[in-house]
Amino acid sequence: MKPPHSLLGIRQLTTPQIEAILKLARRMDPKRPPQLLRGKRVVLLFYESSTRTRTSFEFAAKALGATTTLITAASSSIEKGESLIDTGWTITSLEADAIVIRHPNSGAPYLLARHVPVPVVNAGDGMHQHPSQALLDALTIANHKTRLKGLRVVIVGDVYHSRVARSNAELLSRFGAEIVFCGPPNFVPGVSATIAPGVVATHDLNAALQGADVVMSLRVQKERLAGKHHSVEDYIADYQITPQRMKLAKPDAILMHPGPLIRGMELTSEVADGPQACILEQVRNGVKVRMAIMATVLGAAR
Ligand code: ASP
């Protein structure tokens, strides 16, 4: 099987490539890492804020022996108006071996990948894709469930603006999971229609949660709302994940959240800190998955 040159979105990966990344991630031990990327230079190009993704890509690359440099929009020539492509050419002229990019515009990593010779890893582009998050979510689910096929995965909240929801739906439905998008009409348009094979949508949270194996709560993405108004009170009343609502799911259901979580908004602290929550496990798995991704795109996976 040929490894992917870049990691842009879930659709660009074949099923064997996804399986290979997950298999490699399982073998990665961030405390005893193989020095697969010794001598490699990885640039972290972040045009949008990040805590988990940025730190875990940095730890992942460094654990494998690479050196990393962080470029953020605010402290670089990007602020002076340099284009994405010129920034990419500058980075590759400095002999970087790979670029990890987060950008507020959907498609930006795809554009960059067409212009630079080195692998590009999408660390989140606008409302479009967040493939490393979907891979670490799949690893987390697989740690708790015997198989992805047939699982009922309910993704609750601001689905419309969520690259996490899109990437997860694409990946998990590929492996036969049933995906239910749930939220208010402005966050989940197109209710009752089947969105893609294995993906349905509803506004009724209590119905959606019945029999759920996985409940994935999403943040309301204020930075992408662009003037649209939402009543916080109504959102909390109808869509907040509470201990009572978690009881509608299967007793062994797990609760996930990509972070950052806003306690008291999309979920309560009792749920976030409760026995079903896997939120910090997702964060830990992020380092392993990103080690596997970097080793894969840099041709060092073995
Ligand atoms: N951290 C995730 C992302 O970058 C989810 C979020 O921001 O709400 O898409």
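A few remarks follow.
- Selection status of residue 106, modelled with pLDDT under 95, open to solvent by 50 Å² or more (accessible area, probe 1.4 Å) and within 15 Å of the ligand (Cβ to nearest atom): no
- Only one of the numbered conditions (1) under 23 Å from residue 126 (Cβ atoms); (2) more than 15 Å from the ligand (Cβ to nearest atom); (3) touching a residue at least 12 places away in the same chain (Cβ under 8 Å); (4) open to solvent by less than 70 Å² (accessible area, probe 1.4 Å) is not met by residue 243, and that is (1).
- Output for the stretch 44-69, where each listed residue is over 19 Å from the mean Cα position of the chain (by Cα), more than 14 Å from residue 290 (Cβ to Cβ) and either within 16 Å of the ligand (Cβ to nearest atom) or open to solvent by less than 70 Å² (accessible area, probe 1.4 Å) (or both): 65
- Test: residue in the stretch 250-265 that is open to solvent by 50 Å² or more (accessible area, probe 1.4 Å) and either in contact with a Phe, Trp or Tyr (Cβ under 7 Å, 6 or more places away or on another chain) or assigned to a helix (DSSP H, G or I) (or both): no
- Odd one out for residue 37, checked against (1) within 19 Å of the chain's Cα centre (by Cα); (2) more than 28 Å from residue 222 (Cα to Cα); (3) not in a helix (DSSP H, G or I): (1)
- Test for residue 188: is it within 16 Å of the ligand (Cβ to nearest atom), in a loop (DSSP other than H, G, I, E, B), in contact with a strand residue (DSSP E or B) (Cβ under 7 Å, 6 or more places away or on another chain) and more than 22 Å from residue 150 (Cβ to Cβ): yes
The values are calculated or read from the model by the stated rules, or taken from the named source; none is laboratory data. Given the structure is predicted, the values throughout are model-derived calculations rather than measurements. Reconstructed Cβ throughout: ideal geometry from the backbone, glycine too, with neighbour counts over all protein chains shown. When the accessible area is computed, the model is the full protein with side chains, heavy atoms only, and any ligands, DNA or RNA have been set aside. Shrake-Rupley method; radii C 1.70, N 1.55, O 1.52, S 1.80 Å.
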